[in-house]
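This report refers to the structure that appears directly beneath it.
The values are calculated or read from the model by the stated rules, or taken from the named source; none is laboratory data. Remember, it's a predicted structure, so these values are computed and weren't measured experimentally. Every residue, glycine as well, gets a Cβ built from its backbone with ideal geometry; the counts of neighbours run over all protein chains shown. The accessibility values were calculated without ligands, DNA or RNA, using every heavy atom of the protein model including side chains. Shrake-Rupley method; radii C 1.70, N 1.55, O 1.52, S 1.80 Å.
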Amino acid sequence: MWPLTKIEAKKQIKDKSLLFWTLLLPIVTIVILIELFSKNSTQKTLVASQSITGMSVFFSTFVIISIVISFVKDREKGMVARLASTPLKTYSFFLGKCIPFFIIIVLQILFLTAIGVYLYDIQITDYASYLIVTLLISIWLTSWGVAIALYAKTENTGLVMTNIIALVTAVTCGLWTPFEQLPGYLQTIGFILPQYWAHQGLVQFVSTLPGGEGLGTVALVLIGYSVLGFALSLVGYRGYIKMARS
Amino acid sequence: MLQVEKVSKSYGTNKALNNVLLTIPKGTCYGLIGPNGSGKSTLIKIISRIIRSYEGKIKYIGGSKGTLGYVPQDISLEETLTARTNLEFFGQIHGLKGSPLKKKAERILKDIGLLDRADDIVESFSGGMKRRLNIGCALMHDPELIILDEPTVGVDPQSRRYIFNIVNQLKQQEKTMIYVSHYMEEIENLCDYVAFIDKGNIVEKGEIKELLNRYANTAVYFEAEDSAKLLSKENFTFAPYKTGVIIQTNDPLKTFTELVKLSRDHEFIPEQLSLFKPRLEDLFFQLTGTDLRDQNEKGK
């Protein structure tokens, strides 16, 4: 499993588009938002708190695109079939491929948060809990990424699905604008989506932002959505393997 | 040794393999030939344990899964990474690490002629270089059984020659190989045994030399101006072949005599009169019935 994790990580590190989606674009967006909507340092911290937590959840969704591309390419190029002739177990294949993406999401959120802490004076009240929420977000998004990848016929499927998920949830879950300022019907939709809980989970531990949801509820919701992702993956994996080996 | 015992595989109502029986002796190169859709890919995927649901048995005598090296028809490499990283990855999958892994990768790079490009990105390689690396990755764990699925598709003559050298080296090391190719002269030159597969059935198999001998003395090749017209008049049964004709016979010497007499009577010297020695390609068409169908169509 670890050789696969290593090679997948090397591949992703070399992927410039991943660097763009996970770091460059989020940083640029955050800086623009802060500069546009704040006039003094207090406002800057407030806007930074909202935009960094919101954009962390919003942009981490785009890792799904890389997950789909990686799985679809491996299937199409015959890598999955080739690896089936080696001692590598099927579960090791999936785990080996997932781990780098899980780490990428965690690092992305932590990096964006570090910018907020060091440049804009965001106050994190409980780093351990903040990290737990980050890990849960990463598990949930990886599970969704794999689920989409296993059903995707082409790389474009991943691109379209991810954009739909990212944009719809950004609008409805308060990732771009504070949730309290959204119309009631959007709040109702947002309330049932994991992005809302992921965001509120992070907000809970940022003292410079009002609101947030308790860690227990957030964990429960994110674990639930992760289980859904893994269950869908389990159903889809046979089809994926069959298609790859035929 | 590898034994394929009554292996069958169906896709819905379509039977891809039907009771396939094969014995691949240790240390030999076994060619597998068949038209597209004949079932050869299914068979090698079963042998490589890529397809695991089938009827019958595959017995790896004196070997295990760890000693199997599969070279797929697709170039299944991580193309954004270097040749060395790819080789080391496949070595690691089979449990190699540390200094033995590095040394093995170095040796394989040398064997496949990519030592000077070891740290270059695979994307920058030519088709032939990628094919050689594709083979190299399957050799990292020193497998006993190597399955090569059309390893020379789309490669330049230099790379093809290099691939032949690799196969010959493996033969010298007494590795057991299954070599699938549409290029029959490759099978003829590289392999010791061959199996022809058509519509999921093995239609002929055996030692190549023996098969060629068995089919060789049954026909005479005759080439002359208007040979077909001439032979028709004399009531010979023949089939057009290349620029002449083939006359099927149980007594080639008698046929030779008759054709010499015919030439004398009509006062000409044949351009070619010889015992017909079929190549694998001829056997293939005979066995899969394509020649017969073509002749029937011409006869009509």
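Quick notes on this structure:
- Estimated 222 nm signal from helices in chain A, with DSSP H stretches of n ≥ 4 weighted -39500 (n - 2.57), rounded to 500: -26000 deg cm²/dmol
- Heavy-atom accessible area for B:HIS94, with the other protein chains in place and a 1.4 Å probe, reaches approximately 40 Å².
- Average projected area [Cα convex hull, region A:155-221], square nanometres: 5.1 nm²
- Stokes-Einstein D (µm²/s) once Rh is taken as the Kirkwood radius of region B:213-299 over alpha-carbon pairs, at 37 °C in 0.692 mPa s: 244 µm²/s
- Relative to one another, the C-alpha centroids of region B:1-65 and region B:188-210 are positioned 14 Å apart.
- When Rg and the Kirkwood radius Rh are both evaluated on Cα atoms of chain A, their ratio Rg/Rh stands at 1.00.
- Buried area at the A:B interface is about 2300 square angstrom, summed over both chains, from accessible surfaces computed with a 1.4 angstrom probe.
- Cα Rg, Dmax, region B:117-267, angstrom units: 22.5, 72
- Interface residues in region B:64-100 - accessible area drops by 40 Å² or more relative to the isolated chain, probe 1.4 Å: B:LYS65, B:TYR70, B:SER76, B:GLU78, B:LEU81, B:PHE89, B:PHE90, B:GLN92, B:ILE93
- Extended-chain gain in nm, criterion 0.36 nm per residue less alpha-carbon gap, A:LEU36 and A:LEU19: 3.7 nm
- Solvent-accessible area, 1.4 Å probe, carbon plus sulfur percent, for region A:2-245: 72 percent
- Both radii were evaluated on the Cα set of region B:37-135; the Rg over Rh quotient, with Rh as the Kirkwood radius, amounts to 1.03.
- Pairs with C-alpha atoms separated by more than 26 Å, drawn from the list B:LYS6/B:LYS199; A:LYS97/B:LYS15; A:LYS16/B:LYS110, are A:LYS97/B:LYS15; A:LYS16/B:LYS110.
- Positive minus negative residues near B:PRO151 (Lys, Arg vs Asp, Glu; Cβ under 13 Å): +1
- Panel note: contact residues of region A:4-51 (accessible area lowered by at least 10 Å² against the chain on its own; 1.4 Å probe) correspond to A:LEU4, A:LYS6, A:ILE7, A:LYS10, A:LYS11, A:LYS14.
- Peptide ranges B:77-83, B:258-264, B:179-185, B:133-139 listed from the most packed, as the mean C-beta count within 10 angstrom indicates: B:133-139, B:77-83, B:179-185, B:258-264
- Relative pair counts by distance (%), Cα atoms of the protein assembly as shown, 10 Å bins: 3, 15, 20, 17, 14, 12, 8, 5, 3, 2, 1, 0
- Its Cα centre serving as origin, region B:82-164 has a Cβ charge dipole (Lys and Arg +1, Asp and Glu -1) of approximately 220 debye.
- Across all Cα pairs in region B:2-207, the calculated P(r) in 10 Å bins from zero up to the longest distance comes to 9, 36, 35, 18, 3, 0 percent per bin.
- Residue-averaged [θ]222 nm for chain B, counting only DSSP H segments that reach four residues, each worth -39500 (n - 2.57): -12000 deg cm²/dmol
- Looking at chain B alone, DSSP beta bridges between its own residues are antiparallel in about 65 percent of cases.
- Choice from A:GLY229, A:GLY201, A:GLY184 showing the highest fluctuation, given a GNM over chain A with Cα pairs closer than 10 Å: A:GLY184
- Annotation: cysteines of chain B without a disulfide-compatible partner (Cβ-Cβ under 4.7 angstrom) are B:CYS137.
- Accessible solvent surface per residue of the protein assembly as shown, calculated while the other protein chains remain in place, 1.4 angstrom probe, Å²: 47 Å²
- Three-way shape label, region B:182-243, alpha-carbon gyration tensor, a/c 1.5: prolate
- Annotation: region A:185-236 has a Kirkwood hydrodynamic radius of 11.9 angstrom, from the mean reciprocal C-alpha pair distance.
- The GNM of chain A, with springs linking C-alpha atoms under 10 angstrom apart, assigns the highest mean-square fluctuation among A:GLN108, A:GLN181, A:GLN43 to A:GLN181.
- Cβ-defined net charge surrounding A:TYR120, 13 Å radius [Lys, Arg +1; Asp, Glu -1]: -1
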